[in-house]
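Rule-based calculations on the coordinates, nothing more; no lab input. No experiment lies behind these values; they were computed from the predicted model shown. Virtual Cβ from ideal backbone geometry, glycine too; neighbours counted across all protein chains shown.
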Amino acid sequence: MRYFIELSYNGKAYHGWQLQKNAHSIQQEFNNALEVIFKQKIETVGSGRTDSGVHALQQVCHLDLEQPVDVQKSLYRLNSLLPNDIAVKRMFKVPDSAHARFDAISRSYRYFITTVKNPFETETSYYFSKQISMQHMNEAATVLLGEQNFKSFCKKKSSADHYVCTINHASWQVDNDRYCFYVSANRFLRGMVRALVGTLLDVGTGKISIDQFKTVIAAQDRRKAGRAAPAQGLFLTEVVYPDQILTNY
């Protein structure tokens, strides 16, 4: 029987979501807890990977269990067993054919920047003290909309079979001394959001123009884009699925 589980985590202490040899991952920690609770070998499949140090407000994974389970009791036991930086939010039965990664319609991320040094936000935002033009960054963000090749913003060692993504929304918002970049797309490449933020900051600080930003996209060359923004400001915030999968959601 297949179940979807929604969880959130602070990624500071982990080398990302994905299982890795000789590295502490969220998926490994989660799988270990699931095996204790359900007393069977567990293999989870996530909606996508998050890199080392990246957080999630809503990550989704699926797993197969031999027998139906009491969802509320399972959630309570999982949260009791998991470390404080990982929390399970929801669990629900789905069709056996449902797939956490391949059935996702869209994924959304937020990247947080603070312009004032704040010791309480060092784990969840990027302190950036330079003057930024929000107008220029939002103008550049509109250039990202639609279906395009985003190879310029993909990690060089990516195993992606293609680099085309469709970005549905991209914009910057301001709340006093805190900036937030919100982006939603059908798929993302490895390191894509952090590379986008780093390059948009180049626009915002006047290092490159909007026309040059367009040239960066067209180049399909990671070396042409800006540096990746630090991991701690990035959150996976939403994963959307077709209604027929979420009948019990």
Zone reached by a paramagnetic label modelled 7 Å from N149 Cα along Cα→Cβ, restricted to the stretch 188-216 with backbone N below 17 Å, covers 189-190, 214-216
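In debye, nearest 20, what is the charge dipole magnitude of the chain about its Cα centre with +1 on Lys and Arg Cβ and -1 on Asp and Glu Cβ, if you could check?
Numbers: 30 positive and 23 negative charges, 152 e Å.
It comes to approximately 740 debye.
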Taking the stretch 2-102, the whole-percent share of alpha-carbon pairs separated by over 22 angstrom is 21
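Taking a ≥ b ≥ c as the square roots of the eigenvalues of the Cα gyration tensor of the stretch 45-161, is the shape rounded (a/c under 1.5), prolate (a/b larger than b/c) or oblate? Present the calculation step by step, with values, prior to reporting the outcome.
Details: a/c = 2.73, a/b = 1.51, b/c = 1.81.
Since a/c reaches 1.5 but b/c is at least a/b, the shape of the stretch 45-161 is classed as oblate.
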Neighbour-count ranking for F153, F181 (other C-beta within 10 angstrom, fewest to most) reads F181, F153
The alpha-carbon center of the stretch 150-223 and that of the stretch 54-124 are separated, in whole Å, by 25
Cross-link reach from K89 to lysines, straight Cα distance under 17 Å and at least 8 residues apart if same chain, gives K73
Taking max minus min of the Cα coordinates of the chain on each principal axis, largest first, gives extents in Å of 58, 39, 35
Taking a straight Cα-to-Cα line shorter than 15 Å from K41, and setting aside same-chain aspartates and glutamates fewer than 8 residues away, one finds E29, D64, E66
Short to long, in 5 Å steps from zero, the percent of alpha-carbon pairs of the stretch 106-237 per bin is 2, 11, 22, 25, 21, 12, 5, 1, 0
Farthest towards the positive end of the dipole of the chain, among F38, Q18, A104 and with Cβ unit charges of +1 on Lys and Arg and -1 on Asp and Glu, lies the Cα of Q18
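Based solely on its DSSP helices, what 222 nm [θ] is calculated for the chain when runs of n ≥ 4 H residues each add -39,500 (n - 2.57) and the sum is averaged over all residues, nearest 500 deg cm²/dmol? Walk me through the numbers before you get to the answer.
Numbers: 5 runs with 57 residues, N = 249.
So the helix-based figure for the chain works out to -7000 deg cm²/dmol.
Cut-off is 10 Å between beta-carbons; in what order do T122, T114, T50 appear when sorted fewest neighbours first? Intermediate results must be reported in sequence, preceding the final value.
On the way: T122 13, T114 20, T50 26.
Sorted ascending by nearby Cβ count, the order is T122, T114, T50.
Using r as the Cβ-Cβ distance of H15 and Q135, and R0 as 51 Å, what FRET efficiency do you calculate, to the nearest 0.05?
Working: r = 37 Å, r/R0 = 0.73.
The calculated FRET efficiency here is 0.85.
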So, with points 7 Å from each Cα along the Cβ direction, the V116-D175 label distance in nm works out to 1.4
Neighbour-count ranking for T199, T237 (other C-beta within 10 angstrom, fewest to most) reads T237, T199
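A 19 angstrom limit on the alpha carbon distance is what I want to check against. Which of K21/K157; K151/K224; K130/K151; K156/K207 exceed it?
K130/K151; K156/K207
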So E238 and E43, fully extended at 0.36 nm per residue minus their Cα-Cα distance, gain in nm 68.0 nm
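Over the stretch 2-102, what relative contact order in percent results from Cα pairs under 8 Å that are six or more residues apart?
Details: 182 pairs, mean separation 44.1, N = 101.
Taking the mean separation of contacting Cα pairs over the length of the stretch 2-102, I get 44 percent.
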